[in-house]
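Each remark here refers to the structure printed beneath this line.
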Amino acid sequence: MLDRKLLSAEPDRCRALLARRGPGAVAELEPFFALEAEWKTLKAEADDKKHRLKLGGKGFAAIDPKAPDAAERRDELRAELGALSEEIKAAGQRIRELEQQRERLLLRLPNFPDEETPDGLDEAQNVEISRWGEPPTFEFEPRPHWELGEELGILDFEASARMSGSRFVVLRGAGARLERALAQLMLDSAAERGYFEVLPPFMVRPETMEGTGQLPKFAEEAFRTAGERELYLIPTAEVPLVNLHREEILDLGRLPLKYVAHTPCFRAEAGSHGKDVRGLIRQHQFQKVELVRITTPDRSAEELETLLDDAAQVLRTLGLHHRTVRLCAGDMGFSAAMTYDLEVWLPGQDTFREISSCSNCRDFQARRAAIRYRAAPKKNLLVHTLNGSALAVGRTLIALLENYQQEDGSVLVPEALRPYMGGQEVIRRA
């Protein structure tokens, strides 16, 4: 959530910052300013009336009881103060309504982009920062993962469609084992880098989703339970990991906190009809290993670079050619102030595809979830939160199939992954 005081004090600057995300973000800001202006006017009027009511109360004592019109004057003053009290009561109710409306609007406003975030409205304006490794060369035409997986008998889209519809998959045999092996490799890599493993709930309350920015703006992207108890299936482990410290004041000595979690993720993929309809790229259910860091404001920029390297380490371990891209303001996620994407090379599709997003949300999520730290006695400040995939497990499986495919349709298992696969070196059709 954006700082209301900053929005009120520097409206032009805030307009300019949100304009970098696109005209839609600025359009949502204008109703806030209208509510804020009405709130300020009513608050000032109510405060003035409260002062007059207080002075009026003292006026009773100033009326000489011996005066012939004392009773009449007291009745007039009582009526005047009664009317004033009713006006204050009505203003108070309207002020509370405005505050609730203002809060709802604030929850729908995205984060301000950092100064170092490039300008631009879509992925065409993203900036490539670096590349690692070289793409593999083939003496044959490389095939996409869905063809390889189906021929190997490890990806079954027909069975999943019969059970659940589109955008699901059944992993069989070596495919299921490969997914599990990748997740374990990622968890071990994170542990070596000092992350504390957590297995959180996969369903959370609406206020938990609100804390990280998924609600209320992106309700259509989420799956939720039916019935009296409203729970949402997590779209990423970032949601429960950040909310581990909801409404807490952390000791400075505990920071930074570093968490890792391997969870299923659930996304409705609303509005993605016709996009990535084949294969594993855009599924309703997928596995991900998520990294979250909670730190102080002075360290968050440095922490983002470290987080990025933590995620990239898995790609280096697996020998996968990839590049790092800094996202432009219009292409970033709702809660992010700065984002790097790691994009892995997929030879079967002859393109790079995102496999991890690493973001610094600064105090945006902390303000929504009320997470602070004790900077000094009687001085509590908002933490900064960062998150990144390390990695999306299904997309890593895609990369392995396409990069390590052989002409006969088999797939080599990278050496680093073989201990997790029981020593298996090649995946062939059973």
- [ ] Averaging sequence separations of C-alpha pairs under 8 Å and six or more residues apart, then dividing by the length of segment 97-203, give the relative contact order as a whole percent.
- [x] 12
Open item on the list: For the chain, set up a GNM with springs between Cα atoms under 10 Å and report which of Gly56, Gly194, Gly22 has the largest fluctuation.
Closed with: Gly56
Open item on the list: Calculate the FRET efficiency for Asp309 and Glu103 from the Cβ-Cβ distance with a Förster distance of 25 Å, rounded to the nearest 0.05.
Closed with: 0.10
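Report, in listed order, any pair from Lys217/Lys258; Lys258/Lys288; Lys54/Lys89; Lys40/Lys89; Lys217/Lys275; Lys43/Lys89 with a Cα-Cα distance greater than 20 Å. Each step should come with its number before you reach the end.
Numbers: Lys217/Lys258 28 Å; Lys258/Lys288 17 Å; Lys54/Lys89 15 Å; Lys40/Lys89 16 Å; Lys217/Lys275 22 Å; Lys43/Lys89 12 Å.
Lys217/Lys258; Lys217/Lys275, as the Cα separations exceed 20 Å there.
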- [ ] Taking only Cα atoms and a 10 Å spring cutoff, compute GNM fluctuations for the chain and point out the largest among Arg278, Arg94, Arg362.
- [x] Arg94
Open item on the list: Using the Kirkwood formula on the Cα atoms of the chain, what hydrodynamic radius do you get, in angstrom to one decimal?
Closed with: 24.7
Task: Extension gain (nm, one decimal) between Arg131 and Leu53, 0.36 nm per residue minus Cα-Cα - done: 21.1 nm
Task: Relative packing of 177-184, 98-105, which averages over residues the other C-beta atoms within 10 Å, highest first - done: 177-184, 98-105
TODO: Would you please put 152-164, 5-17, 230-242 in order of how densely packed they are, using the mean number of other Cβ atoms within 10 angstrom per residue and starting with the highest?
DONE: 230-242, 152-164, 5-17
TODO: Under a 10 Å cutoff between Cα atoms, tell me which one of Arg299, Arg282, Arg108 has the largest fluctuation in the Gaussian network model of the chain.
DONE: Arg299
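How would you order 29-36, 384-391 from highest to lowest mean count of nearby Cβ atoms within 10 Å? All intermediate terms of the calculation are to be shown ahead of the outcome.
On the way: 29-36: 16.8, 384-391: 28.8.
Going from most to least packed, we get 384-391, 29-36.
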Task: Amide hydrogen neighbours beyond the local backbone of Leu346, cut-off 5 Å, H modeled - done: Thr351, Phe352, Arg353
- [ ] On each of the three principal axes of the Cα atoms of segment 308-401, give max minus min coordinate, whole Å, ordered largest first.
- [x] 57, 29, 18
Open item on the list: Could you work out [θ]222 nm for the chain from helices alone, using -39500 (n - 2.57) per DSSP H run of at least four and dividing by all its residues? Round to the nearest 500 deg cm²/dmol.
Closed with: -13000 deg cm²/dmol
Task: Relative contact order for the chain, counting Cα pairs under 8 Å that sit 6 or more residues apart, in percent - done: 20
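None of the figures in this text is laboratory data; all of them are computed from the coordinates on show. None of the values given here were measured: they were computed from a predicted structure. So basically every Cβ, Gly included, is an ideal-geometry build from the backbone, and we count neighbours across all protein chains shown.
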